[in-house]
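Worksheet for the structure shown next.
The values are calculated or read from the model by the stated rules, or taken from the named source; none is laboratory data. Bear in mind the structure is a predicted one, so any value in this text is a computation, not a measurement. With ideal geometry, Cβ positions are generated from the backbone for all residues, glycine too; neighbour counts draw on all protein chains shown.
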Amino acid sequence: MTSTLLDLKGRDFVALADYTQEEIYALIHDAIELKRLQKAGAPSQPLKGKSLAMIFEKSSTRTRVSFEVGMYQLGGTSLFLSKNDIQIGRGETISDTAQTLSRYVDGIMIRTFAHSTVIDLARSATVPVINGLSDLNHPCQALADYMTAYEKKGKLEGLKIAYIGDGNNMAHSLMMGAAKLGMHIAVATPEGYGPDADVIKQSREQAELYGAAITLTSDPQEAAADADFIYTDVWASMGFESEQQDRERAFKNFQVNESLLKYAKSDYLFMHCLPAHRGEEVSEGVIDGPHSVVFDEAENRLHAQKAIMAAIMRD
């Protein structure tokens, strides 16, 4: 199989904001086809002989395994580089690291804290850079989420996704994705924990272009009303563990549970990027219940990222 996105060679994948509606939909369709071929025992290997450097300043389960397995399935290889394995951990600049790695590999994925680190890496590298996660964005996860939603519902335009919880990197990427894909997204957060103001502005600008809608509220019931998808994330993301107790108090009325889901459509799907804290942001009955697709999302990280890598890294 050859990706439909012939013009993506050399592009970075830093944020969904950088991609058009047509490109995002094409990546979703590519991911679904790559998944079909893999399960049929006829894997596509457009990255044979290619290599991916994976920089991890944050630990990971799904990101590391899905990128490593994804590169293998595409015919390439990957290198795991923790901050203690390379000179970033001893003060080498991002620019020097980017320029050096660009002489060795065909692409770089980074999972880090500051979004500026991803930007600096992409600016200095001469090979494509993929944002595996930053404090501002999680575009690979959002692409896998919308791939899952598309597989389950057969369409995305006009559907509603409710995000309930912290206005974090996940909320940001889901907002931009919904805006680009012509969906309605309602984001419910406690006062003081809302999404970034610049992300809100950019997402609303895109929503106007694509016929989408963005609702911001502090009422979880309002957000959940008539939703096709209900999404949540941990209340204290990596780097915010010291705020755990304060956040538990602030978010106590924002748990996704059976009572809240009475407001959603009867055929709603529950989504979570994982890892989850059962009994905290979501009840066990919901995440382990019949409407939950959290492990389908986790699986689709593999295929969505394969679509990204195939589109931007191949010859």
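Considering the conditions (1) of a type in the set (S, T, Y); (2) buried (at least 24 other Cβ atoms within 10 Å of the Cβ); (3) not in a helix (DSSP H, G or I), S203 is excluded by exactly one of them, (3). Of note, K50 satisfies the criterion of being modelled with pLDDT of 95 or more, charged (D, E, K, R) and either out of contact with any Pro (no Cβ under 8 Å at 6 or more places or on another chain) or more than 21 Å from M176 (Cβ to Cβ) (or both).
Go through the range 7-63 and give me each residue that's assigned to a helix (DSSP H, G or I), touching a residue at least 60 places away in the same chain (Cβ under 8 Å) and not aliphatic (A, V, I, L, M). Listed by number, the residues that qualify are Q21, Y25, D30, K35, Q38, R62, T63. Out of the residues in the range 284-313 that are in contact with a Leu (Cβ under 6 Å, 6 or more places away or on another chain) and assigned to a loop (DSSP other than H, G, I, E, B), state the one that is farthest from M71 (Cα to Cα). Residue satisfying both the conditions and the ranking: H291. Of all residues in the range 111-149, those satisfying the criterion of being of a type in the set (S, T, N, Q) and either surrounded by fewer than 23 Cβ atoms within 10 Å (Cβ to Cβ) or not in a loop (DSSP other than H, G, I, E, B) (or both) are T112, S116, T117, S124, T126, N131, Q141, T148.
Among the residues of the range 75-86, are any outside any strand (DSSP E or B), modelled with pLDDT of 95 or more and at negative phi? Before you say what the answer is, go through the steps one by one.
First, pick out the residues of the range 75-86 that are outside any strand (DSSP E or B): 75-76, 83-86.
Imposing the further condition that a residue be modelled with pLDDT of 95 or more reduces the set to 75-76.
Next, from what is left, pick out any that are at negative phi: 76.
Yes - at least one qualifying residue is present in the range 75-86.
If you go through the range 162-194 and keep only what is surrounded by fewer than 23 Cβ atoms within 10 Å (Cβ to Cβ) and either in contact with a strand residue (DSSP E or B) (Cβ under 6 Å, 6 or more places away or on another chain) or at pLDDT below 95 (or both), you end up with just H184.
For G70, the conditions (1) surrounded by fewer than 21 Cβ atoms within 10 Å (Cβ to Cβ); (2) within 23 Å of the chain's Cα centre (by Cα); (3) under 17 Å from V127 (Cβ atoms) are fulfilled apart from (1). Can you spot a residue in the range 135-154 that is free of Cβ contacts under 8 Å to residues at least 40 places away in the same chain and over 14 Å from the mean Cα position of the chain (by Cα)? Yes, the conditions are met somewhere in the range 135-154. If you go through the range 168-202 and pick out every residue that is within 18 Å of E281 (Cβ to Cβ) and in contact (Cβ under 8 Å) with a residue 60 or more places away in the chain, you end up with 8. For the condition of a type in the set (V, I, T) and surrounded by fewer than 21 Cβ atoms within 10 Å (Cβ to Cβ), what is the one hit in V293, V256, V234? Of the residues listed, the single one that is of a type in the set (V, I, T) and surrounded by fewer than 21 Cβ atoms within 10 Å (Cβ to Cβ) is V293. Of the candidates L274, L261, the single residue that is modelled with pLDDT of 95 or more and either touching a Leu at 6+ places or on another chain (Cβ under 9 Å) or part of a helix (DSSP H, G or I) (or both) is L261.
Exactly one residue among V282, V256, V293 is β-branched (V, I, T), under 27 Å from S44 (Cβ atoms) and in the same structural domain as K152 (by TED's automatic domain parsing), and that residue is V293.
Look through the range 215-241, keep the residues that are assigned to a loop (DSSP other than H, G, I, E, B) and hydroxyl-bearing (S, T, Y), and return whichever of them is modelled with the highest pLDDT. Restricting to residues being assigned to a loop (DSSP other than H, G, I, E, B) and hydroxyl-bearing (S, T, Y), the top hit is S218.
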